[in-house]
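For reference, the structure discussed in these notes is given below.
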Ligand code: GDP
Ligand code: MG
């Protein structure tokens, strides 16, 4: 069904997705990016960074009371992380579906964690869990100038926007 540009623009969302050091070291960058790209989401920002432990603690601040927090922050800061912003209708929620459950033992086959990871402490990818988190995480990892706005020629075919 065709619908108008305004309705389409109102549904557009951005989410923060990161390939953690295990995913980068295991050579899974292209595999993971391709799943978001083939779905029809649009890449708006991307960079490879080694976060400091302090930065990792900021990123995971919600989990600071959890017993695995320290190990998790050590791990996230142990090597390169591929930080990205992806845009699309419903990308925050559906991005989490593509990623799969936190524990790869419980992730469905066909999801990124279900297909490519085995244990919760090495689950290869992060994705924002809601609109507020997405906003905060994008602002933490990227300067506004690092987000590239552009029209993709595929968009009219993906969304049927007239
Ligand atoms: P996510 O949003 O699916 O990534 O899950 P959470 O926000 O709950 O947790 C953040 C990250 O902490 C997860 O992706 C895991 O890498 C790690 N984590 C979560 N739960 C556990 C746990 O029980 N044990 C360990 N070792 N790591 C965990
Ligand atoms: Mg989370």
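Laboratory data are not the source of any read-out in this text; all were calculated from the coordinates shown. No experiment lies behind these values; they were computed from the predicted model shown. Note that we place each Cβ from the backbone using ideal geometry, even for glycine, and neighbour counts take in every protein chain shown.
Brief remarks on what is shown
- Acute angle (nearest 10 degrees) that the helix 29-39 long axis makes with the longest principal axis of the chain, alpha-carbon atoms: 30 degrees
- Highest-MSF residue in the chain out of 144, 104, 67 [GNM, Cα springs under 10 Å]: 67
- 222 nm mean residue ellipticity, helices alone, for the chain (DSSP H n ≥ 4; -39,500 (n - 2.57); rounded to 500): -11000 deg cm²/dmol
- Remark: relative contact order (segment 13-147) = 36 percent; criterion is Cα-Cα distance under 8 angstrom and separation of 6 or more residues.
- Gaussian network model of the chain, Cα within-10 Å springs - most flexible of 94, 150, 60: 150
- Residue 62/residue 153 FRET efficiency (R0 41 Å; Cβ-Cβ; nearest 0.05): 0.60
- C-alpha center-to-center spacing [segment 48-91, segment 110-127] in angstrom: 15 Å
- The angle between the Cα long axis of helix 131-141 and the longest principal axis of the Cα atoms of the chain comes to about 70 degrees, rounded to the nearest 10.
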